[in-house]
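Below: one structure, written as structure tokens.
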Amino acid sequence: MTNQGLAMRGHVHGTKDAKRVAIGSSVGAVIETYDFIGFGTAAALYFGTAFFPSDNAVTGTLAAFATLGVGFAARPLGGILGGHLGDKVGRKPVLVASLVLMGLSTFAIGLLPTFSQVGMLAPTLLVLIRIIQGLAFGAEWGGAILMSYEHAPWKKKGKYTGIVQAGFPIGLLLANVVFLYSVNLDGDWAWRVPFLASLLLVFIGLLIRSKVPESPVFEEVKSSGDISRSPIIEVIRDDWRNILRGIGLRVAETAGYAVSITYMISYLHDSGLADKTQTLFALCIAAAIGIFATMFWGSLTDKIGRRPLYLISTGFAVLFGIPMFLLVNTGLFFLIIATVVISYAVCQNSLAGVQGAWFPELFQAKTRSSGASLAYQISAMVSGFTPFITTLLFVAFGWVGPALLFSLYGAIGLWAALVTRETWGKNERRLADEAEQATPAHKIQA
């Protein structure tokens with residue numbers, strides 16, 4: 001990266017609001033993940049019966065997972081809209097709007113009538129609300145990550161964006177703790193309560209995000225008159241290769257998660273390897289560990305670079321597919337917990353920890369929101385329908401099918417890492433050291 005490229009990172013020592021912005025962005029990620037991931041848990045455990053009743057349990061599960069995928073399919077459009085607005089009007093407005101839309105749509109799911117009450121209207125409404133969720137979640141990530149990235153010190157971009165990325169396991173933990181409690185409630189309340197409870201989180205998130213200042217990098221771009229007239233078209237025209245690379249990088253993480261966590265929940269339950277309570281408990285442990293793991297992996301990239309960690313983690317994922325299912329197939333609960341922890345805290349969190357800093361660094365500041373959001377959210381379409389595809393593979397080939405699919409996703413990520421440039425190598429770290437020494441922190445804060 002050139003000196004000019006380093007300059008566009010923002011202030012050498014970061015802004016005085018860097019920590020507050022990272023926490024504020026993370027809180028939003030917590031809430032939106034609670035909402036979005038909660039749907040995946042409900043689809044695996046409840047929605048097949050509530051909205052898609054069938055004499056064949058697999059058929060109901062497939063329909064529920066297809067609805068899960070619809071939300072992921074809508075995320076690229078949300079990423080396009082959110083990325084465009086983030087580059088045109090600022091990162092902060094997108095954060096607030098996406099949070100409100102996500103919260104209201106999730107609350108609405110908790111109010112939906114079931115198939116037994118209104119027939120086909122129930123799954124129709126569920127799909128519609130799921131699309132709205134996907135749009136909101138698609139717009140969320142780019143704004144949250146860029147706000148933290150552009151406020152953070154040069155040498156701690158991975159650490160600060162890792163805080164934002166850690167919001168996702170926090171949201172996962174909260175969602176599954178609530179589901180773990182609600183599993184004992186009568187009837188439909190077991191899945192309604194988690195969705196209704198999200199409204200309280202939205203109010204808390206809005207209070208925090210309303211006090212977060214706008215990105216200094218966006219303000220600099222705006223004041224210089226360098227705001228792109230059509231950031232989406234410009235980034236596709238000039239940076240389409242990085243968008244494709246980002247999609248490959250992201251598939252290993254998000255689609256791998258769809259196999260090892262989202263589908264695994266259903267697999268453990270349907271195969272009689274673990275009941276609902278045990279499955280949710282294992283996922284809660286993994287999520288709790290994942291909070292600290294994600295921040296650790298993000299900080300590690302500040303020391304060794306973005307690319308090396310991605311190569312190691314995706315290489316491990318390629319090898320872990322078959323052992324992952326062999327371990328859970330023992331039916332031993334402690335091995336099930338260990339497998340879920342490795343799948344999440346190592347295979348998924350390590351990649352998420354890298355993405356927070358690596359993705360923004362692949363694009364110019366004036367089209368960064370659009371480019372990073374496109375790469376991040378287009379891959380969501382693959383992950384969204386992965387549980388559906390994985391279920392079909394299981395029907396055709398048994399557990400070997402899902403295991404090999406997980407390894408394939410790891411291989412795609414490995415290939416993408418090999419062809420993507422390092423943005424924080426030894427030269428960049430040396431230049432950052434020199435810039436930091438030449439610019440005392442007290443001058444930046446003055």
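Tabulated results
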{"quantity": "Residue match in the range 58-71 (condition: touching a helix residue (DSSP H, G or I) at 6+ places or on another chain (Cβ under 8 Å) and within 30 Å of Phe218 (Cβ to Cβ))", "calculated": "yes"}
{"quantity": "Lone unmet requirement of (1) closer than 18 Å to Leu173 by Cβ; (2) modelled with pLDDT of 95 or more for Leu283", "calculated": "(2)"}
{"quantity": "Single unsatisfied condition, Ile132 versus (1) within 16 Å of Ile31 (Cα to Cα); (2) crowded, with 22+ Cβ neighbours inside 10 Å", "calculated": "(2)"}
{"quantity": "Selected residue (only one of Ser299, Ser271, Ser260 is touching a Cys at 6+ places or on another chain (Cβ under 9 Å) and not acidic (Asp, Glu))", "calculated": "Ser260"}
{"quantity": "Counted residues, the range 261-308 - those being within 30 Å of Leu392 (Cβ to Cβ) and either open to solvent by less than 40 Å² (accessible area, probe 1.4 Å) or in contact with a helix residue (DSSP H, G or I) (Cβ under 9 Å, 6 or more places away or on another chain) (or both)", "calculated": "27"}
{"quantity": "Contacts under 6 angstrom Cβ, first residue in the range 10-38 being closer than 15 Å to Lys159 by Cα and in contact (Cβ under 8 Å) with a residue 40 or more places away in the chain, partner of a type in the set (Asp, Glu) and surrounded by fewer than 24 Cβ atoms within 10 Å (Cβ to Cβ), 6 or more apart", "calculated": "Val12/Glu436"}
{"quantity": "Residue count for the range 177-192, restricted to those that are open to solvent by 40 Å² or more (accessible area, probe 1.4 Å) and in a helix (DSSP H, G or I)", "calculated": "4"}
{"quantity": "Members of the range 69-124 found to be open to solvent by 40 Å² or more (accessible area, probe 1.4 Å), more than 19 Å from Leu196 (Cβ to Cβ) and outside any helix (DSSP H, G or I), listed by number", "calculated": "Val89, Met120"}
{"quantity": "Elements of type helices (runs of 4 or more DSSP H) in the range 268-374, at least 3 residues being farther than 22 Å from Thr423 by Cβ and touching a residue at least 24 places away in the same chain (Cβ under 8 Å)", "calculated": "276-304, 306-328, 333-341"}
{"quantity": "Which numbered condition Arg368 fails, given (1) more than 30 Å from Val89 (Cα to Cα); (2) among the basic types (Lys, Arg); (3) crowded, with 23+ Cβ neighbours inside 10 Å", "calculated": "(1)"}
{"quantity": "Odd one out for Arg250 among (1) over 17 Å from Gly38 (Cβ atoms); (2) of a type in the set (Lys, Arg); (3) open to solvent by 20 Å² or more (accessible area, probe 1.4 Å)", "calculated": "(3)"}
{"quantity": "Among (1) modelled with pLDDT of 95 or more; (2) crowded, with 23+ Cβ neighbours inside 10 Å, the one test that Ala380 misses", "calculated": "(1)"}
{"quantity": "Tabulated pairs, the range 400-426, first under 19 Å from Phe316 (Cβ atoms), second surrounded by fewer than 19 Cβ atoms within 10 Å (Cβ to Cβ) and among the small types (Gly, Ala, Ser), C-beta under 6 angstrom, 6+ apart or interchain", "calculated": "Leu414/Gly315"}
{"quantity": "Failed item, numbered, when Ile227 is tested on (1) surrounded by fewer than 22 Cβ atoms within 10 Å (Cβ to Cβ); (2) part of a helix (DSSP H, G or I)", "calculated": "(2)"}
{"quantity": "Residue among Ser25, Ser54 that alone is of a type in the set (Ser, Thr, Tyr) and crowded, with 24+ Cβ neighbours inside 10 Å", "calculated": "Ser25"}
{"quantity": "Inter-residue pairs, beta-carbon under 8 Å, first among the basic types (Lys, Arg) and in the range 199-220, second surrounded by fewer than 18 Cβ atoms within 10 Å (Cβ to Cβ), 6+ apart", "calculated": "Arg209/Val96; Lys211/Arg20"}
{"quantity": "Every residue from the range 136-158 that is surrounded by fewer than 24 Cβ atoms within 10 Å (Cβ to Cβ) and not aromatic (Phe, Trp, Tyr)", "calculated": "Pro153, Lys155, Lys156"}
{"quantity": "Subset tally (residues that are touching a helix residue (DSSP H, G or I) at 6+ places or on another chain (Cβ under 8 Å), acidic (Asp, Glu) and either in a helix (DSSP H, G or I) or buried (at least 19 other Cβ atoms within 10 Å of the Cβ) (or both)) for the range 383-434", "calculated": "2"}
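Per-residue answers, yes or no, for (1) of a type in the set (Ser, Thr, Tyr); (2) in a loop (DSSP other than H, G, I, E, B); (3) buried (at least 19 other Cβ atoms within 10 Å of the Cβ):
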| site | (1), (2), (3) |
| --- | --- |
| Gly171 | no, no, yes |
| Lys211 | no, yes, no |
| Val217 | no, no, yes |
| Lys222 | no, no, no |
| Leu244 | no, no, no |
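The values are calculated or read from the model by the stated rules, or taken from the named source; none is laboratory data. The structure presented is a predicted model; accordingly, all values stated were derived computationally and were not measured. With ideal geometry, Cβ positions are generated from the backbone for all residues, glycine too; neighbour counts draw on all protein chains shown. Side chains included, ligands, DNA and RNA excluded: accessible areas come from the protein's heavy atoms. Shrake-Rupley method; radii C 1.70, N 1.55, O 1.52, S 1.80 Å.
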